[in-house]
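Asks: Okay, here's the structure, questions in a sec.
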Amino acid sequence: MLISTAYAQAGGAPGGDMFVQLMPLLLIFVVFWFFLIRPQQKKAKEHREMVSNVRRGDQVVTAGGMFGKITKVIDETTVQIELAENVRVKVVTSTLTDVLNKGAPVSGSSANDDDKDKDSSGDKSGSDGGGDDAKPAKKSLFSFGSKK
């Protein structure tokens, strides 16, 4: 008789133990709610409001990355956008990613950029007539040679 008999141990209270087991799951749900679900719902609500407030003349960016101007609001889910002269397409409003109002500049540019380009293209030589003090003209992002 080398084998001893095993007796069942008395366990703790089953109600309190279950709460301790569910606590990590509840904590994970709370973390997911505040870091994932709530911000996503907030962003979706802002997008719905932005899209529902589009009107004729607004400049928009589509999900495909095309810039255009709204020429006609057909219904709640469809607008007509002019991409270039006499190029008009119908677009589902949910595919609009950004709405730039009439007076807003297109990302990164301003109304003063045209004035700066005109100033930099002019001759800025000093009063002595030498061209050494002149600032070089702005180069285009897509130009490969010098600007003439």
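The values are calculated or read from the model by the stated rules, or taken from the named source; none is laboratory data. What you see is a predicted model; the values in this text were computed from it and never measured. Cβ: placed from backbone, ideal geometry, glycine included. Neighbour counts: every protein chain shown.
Asks: Please go through region 29-54 and give me each residue that is charged (D, E, K, R) and surrounded by 11 or more Cβ atoms within 10 Å (Cβ to Cβ), ordered by number.
Replies: Of the residues in region 29-54, the ones charged (D, E, K, R) are 38, 42-43, 45-46, 48-49.
Result: 38, 48.
Asks: I need the full set of residues from region 50-79 which are among the polar types (S, T, N, Q), without any contact (Cβ under 8 Å) to a residue 24 or more places away in the chain and in a loop (DSSP other than H, G, I, E, B), in order please.
Replies: Answer for region 50-79, where residues must be among the polar types (S, T, N, Q), without any contact (Cβ under 8 Å) to a residue 24 or more places away in the chain and in a loop (DSSP other than H, G, I, E, B): just 77.
Asks: Exposed (fewer than 10 other Cβ atoms within 10 Å of the Cβ) and at pLDDT 90 or above: does that describe residue 25?
Replies: Yes: the conditions hold for residue 25.
Asks: While we're looking at this one, here's another question. Which of (1) of a type in the set (D, E, K, R); (2) modelled with pLDDT under 90; (3) assigned to a strand (DSSP E or B) does residue 82 not meet, given it meets every other one?
Replies: Just one mismatch for residue 82, condition (2).
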